Amino acid sequence: MHSSLALIWTVTAATTLLQAANGLLQALMPLRMQAEGLSINSIGLVAAAYGLGFSSGCFLAPAFIRHVGYIRAFASLAAVAAVVVLAMTQAHTTLAWALLRGTIGLTFACIFTVTDGWISARAISSHRGRIMSFYMICTKLALMVSPLGIALGSIDADGFFMAVSAVMSLSLLPIAATTTEEPPAPSGVKIRVRSLFKAAPSAVVGSFVVGLVNGPVIAITPVFGVSIGLSQDKAAALLFALQAGSLAMQYPLGWLSDRTDRRYIIAALAGGTSLVSLLILFVSASGAQNLVLVSFAIWGGLALCIYAVCVAHACDIVDPGQIISTVGTLLFSWATGVTVGPLLGAFAMDLMGPKGLFIYSAVVSLALTVFVVMRIRQLPRPAAKGGFVEVVPSGAAASTITARNDTQSPSRDDAEPQPQSAASAVARADTSS
């Protein structure tokens, strides 16, 4: 596991900086739009534009990575995102916000396909959950702390947008300076929702529902906080609480998921999310601000950890050569949920008031719990496969890549996994600039 961590530190550092910028942007945009007089439905529409852009990016990402490679893809897209954030200082209409937010979604889809694919290519099934957890912990720390920066300035000025753009630009440095060879570029990769659904339906549906629920909650939480009487900085602190809870639970859940059928973890997290959504309704009505923060932390520790377990579950099942396609498909499923979710969440909030957001969350999360439990009853334990790509850190023009493919082939549902294939060497030529 330590050798795998040594090979992912640069991409983890780059993504952490990018997510620090993203976290501040998540808190800033809804508050800025609300200050400019946009309605809750308009804010939901802008959040949906992000999901639409993200889902479009999922289709473009594999071909773009194949054409330019992981490193160049990350660097060029992060630069585009930094420029788009600066353009947000001139956005004053719903259409302008939606177009810019949609462009950010498209670039982030490609970036996260790069980073998630890079990380997934470095881990075998036996420790994939922990590797993913280390990566998620670093990025969640950034997402957790950065929204608190709202208290340091005025949302009416443009300084926050310039700060976000600067940090996005800095995220290029770790990737540009890496001495570790990137994974081989994917070939012939496509988004395959139907085939992945047949292989890992719990992962596909889970990713979709995560988008349906987490998308509107993260996008509208600052507005929700203001609606229940919190100040703007305390409303932004709710995002801190969400990410803090997620951070606390990420590694323990990754460790636990490595030791059992990951679908049990998905079902338990979804069921817990439904219950805590009802808890949030109760404590927000009581006016106890500290309890509101605690309940949001618990919600984040459950709901925001589901996606990582879904990715690990799907990557256990598919062949190593399909990992990039699998990651892209799960991102597409999540993005489809994020496109629809904010519209539904904003509608529920407009119809029932602030409480509508978490009534919606409770119902949708419960539906996921029921689906995964039904899948577990139909297939007690799916067969698993795992892949690990080991790259020698080198500054040379070419490097040797050793690919390990550990295939589990149980003779019955509860049989012990049996490694099947040996390691093979593959040479990768460096791409000229």
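The values are calculated or read from the model by the stated rules, or taken from the named source; none is laboratory data. Note that the coordinates shown come from a computational prediction; the quantities given were computed from them, not determined experimentally. Note that each Cβ is placed from the backbone with ideal geometry, even for glycine, and that neighbours are counted across all protein chains shown.
General observations
- Scan of the range 251-265 for residues that are under 15 Å from THR139 (Cβ atoms) and either surrounded by fewer than 24 Cβ atoms within 10 Å (Cβ to Cβ) or at pLDDT 90 or above (or both), ordered by number: TYR251
- Taking the numbered list (1) of a type outside the set (Val, Ile, Thr); (2) closer than 20 Å to GLY345 by Cβ; (3) not in a helix (DSSP H, G or I) in turn, LEU242 passes all entries but (3).
- The number of residues in the range 229-240 being surrounded by fewer than 18 Cβ atoms within 10 Å (Cβ to Cβ) and in contact with a Pro (Cβ under 7 Å, 6 or more places away or on another chain) comes to 0.
- Among the residues listed as ILE155, ILE191, ILE218, the single one being in a loop (DSSP other than H, G, I, E, B) and closer than 30 Å to SER365 by Cβ: ILE191
- Per the conditions (1) part of a loop (DSSP other than H, G, I, E, B); (2) surrounded by fewer than 24 Cβ atoms within 10 Å (Cβ to Cβ), the sole criterion not satisfied by VAL226 is (1).
- Selection count where residues are in a helix (DSSP H, G or I), more than 23 Å from the chain's Cα centre (by Cα) and not hydrophobic (A, V, I, L, M, F, W, C), scope the range 328-367: 2
- Reported count of residues in the range 82-93, each being buried (at least 18 other Cβ atoms within 10 Å of the Cβ) and more than 25 Å from the chain's Cα centre (by Cα), is 1.
- In the range 94-104 there is at least one residue matching the filter, namely being part of a helix (DSSP H, G or I), under 16 Å from the mean Cα position of the chain (by Cα) and modelled with pLDDT of 85 or more.
- Qualifying residue in the range 250-271 (condition: touching a residue at least 24 places away in the same chain (Cβ under 8 Å), of a type outside the set (A, V, I, L, M) and under 23 Å from MET352 (Cβ atoms)): yes
- Any hit, the range 114-126, residues being modelled with pLDDT of 75 or more, assigned to a helix (DSSP H, G or I) and among the charged types (D, E, K, R): no
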